[in-house]
Amino acid sequence: RVLILAALAKGKTKLEGVLHSDDTLHMINALRDMGIKIEKSGDTSVVVEGGVGILKEPDNNKQLFIGNSGTTVRFLTSFATLVPGTVSFVGDEHMAKRPIADLVTALKQMNI
């Protein structure tokens with residue numbers, strides 16, 4: 001979750017105690033594909049260079065793979081509304097069973 005905040009913050013943010021997990025990896029990869037710079041700076045540390053102004057549409061209409069990460073899909077669905085252009089997510093077979101209809105409905109009600 002803090003990766004999203006760092007990605008939104010203008011400039012560099014150092015995060016310590018970052019968990020090594022598939023969810024974290026999917027979040028980092030997707031943020032990078034949307035223009036956020038993230039570099040490992042230690043065993044459990046990363047430096048995030050963010051800001052809404054550097055966001056970009058993923059290259060070549062790339063679908064961003066989020067595995068089975070419910071946290072990633074929920075946070076990045078809203079985050080992606082700030083990206084100029086189209087952002088598409090794809091997950092594994094289990095992701096299709098996760099309930100996110102309330103989030104999609106809310107975004108549609110906001111004309112997003």
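Going by amide H atoms built from the backbone, whose H comes under 5 Å of the H on PHE89, apart from near neighbours?
LEU64
If amide H atoms are built 1.01 Å from N in the plane of the peptide, which residues on other chains or at least 5 residues away come under 5 Å of the amide H of GLU57?
Correct list: empty.
Please name which of ILE38, ASN68, LEU5 has its Cα lying farthest along the dipole of region 1-104 towards the positive end, using unit charges on Cβ (Lys, Arg +1; Asp, Glu -1) and the Cα centre as origin.
Highest projection toward the positive end goes to LEU5.
What residue among GLU49, GLU93, GLU39 has the largest mean-square fluctuation in a Gaussian network model of the chain, using Cα springs under 10 Å?
Residue with maximal mean-square fluctuation among GLU49, GLU93, GLU39: GLU93.
Please give the charge dipole size of the chain, origin at the Cα centre, charges +1 on K and R Cβ atoms and -1 on D and E Cβ atoms. Round to the nearest 20 debye.
Here the chain has a charge dipole of around 320 debye.
Here are a few candidate values for P(r) over Cα pairs in 5 Å bins from 0, in percent: [x] 2, 11, 19, 20, 17, 13, 9, 5, 2, 1, 0, 0; [y] 2, 12, 22, 23, 21, 12, 5, 1, 0; [z] 2, 10, 14, 13, 8, 6, 7, 6, 5, 5, 5, 4, 4, 4, 3, 2, 1, 0. Which one was actually calculated from the structure I just gave you?
So the structure-derived entry is [y].
Heavy atoms only, probe 1.4 angstrom, no DNA, RNA or ligands counted: give me PHE89, PHE79 ranked by accessible area, highest first.
Result of the area sort, largest leading: PHE89, PHE79.
Using 0.36 nm per residue of separation minus the Cα-Cα distance, give me the extension gain between ASP92 and ASP23 in nm, one decimal.
Full-extension gain reported as 23.6 nm.
Quantify, in whole percent, the carbon and sulfur part of the accessible surface of the chain (1.4 Å probe; protein heavy atoms only).
With neighbouring chains kept in place, the figure for the chain is 52 percent.
Under a 1.4 Å probe, what is the accessible area of the chain per residue, stated in Å²?
61 Å²
Just want the answer: with Cβ charges of +1 for Lys and Arg and -1 for Asp and Glu, which residue in HIS94, MET27, LEU55 is farthest toward the dipole's positive end in the chain?
LEU55
Simple spin-label model, 7 Å along Cα-to-Cβ: ASP59 to LEU103 in nm?
Here the answer is 2.6 nm between the modelled labels.
Determine the order of VAL48, VAL18 by accessible area, beginning with the largest, at a probe radius of 1.4 Å.
VAL18, VAL48
Distance cut-off 29 Å, Cα to Cα: go down the list LYS12/LYS56; LYS10/LYS97; LYS12/LYS108; LYS10/LYS40; LYS12/LYS62; LYS14/LYS97 and report the pairs above it.
LYS10/LYS97; LYS12/LYS108; LYS14/LYS97
Given an 8 Å cut-off on Cα distances and at least 6 residues of separation, report the relative contact order of the chain as a percent.
So the answer I get is 26 percent.
Would you mind calculating the relative contact order of region 64-106 from Cα pairs under 8 angstrom and at least 6 residues apart, reporting the percent as a whole number?
Answer for region 64-106 is 53 percent.
Just from its helices, what would the mean residue ellipticity at 222 nm be for the chain, if runs of 4 or more DSSP H residues each count -39500 (n - 2.57) and the sum is divided by every residue, rounded to the nearest 500 deg cm²/dmol?
So the calculated ellipticity at 222 nm is -10000 deg cm²/dmol.
Got a number for the accessible area of ARG98? Probe 1.4 Å, square angstrom, nearest 10.
Spelled out: ARG98, probe radius 1.4 Å, area about 90 Å².
The values are calculated or read from the model by the stated rules, or taken from the named source; none is laboratory data. On a predicted model such as this, the values are computed, not experimentally measured, just so you know. Glycine also receives a Cβ, built like all others from the backbone with ideal geometry; neighbour counts cover every protein chain displayed. These area figures cover heavy atoms from the full protein model, side chains too; ligands, DNA and RNA do not enter into them. Shrake-Rupley method; radii C 1.70, N 1.55, O 1.52, S 1.80 Å.
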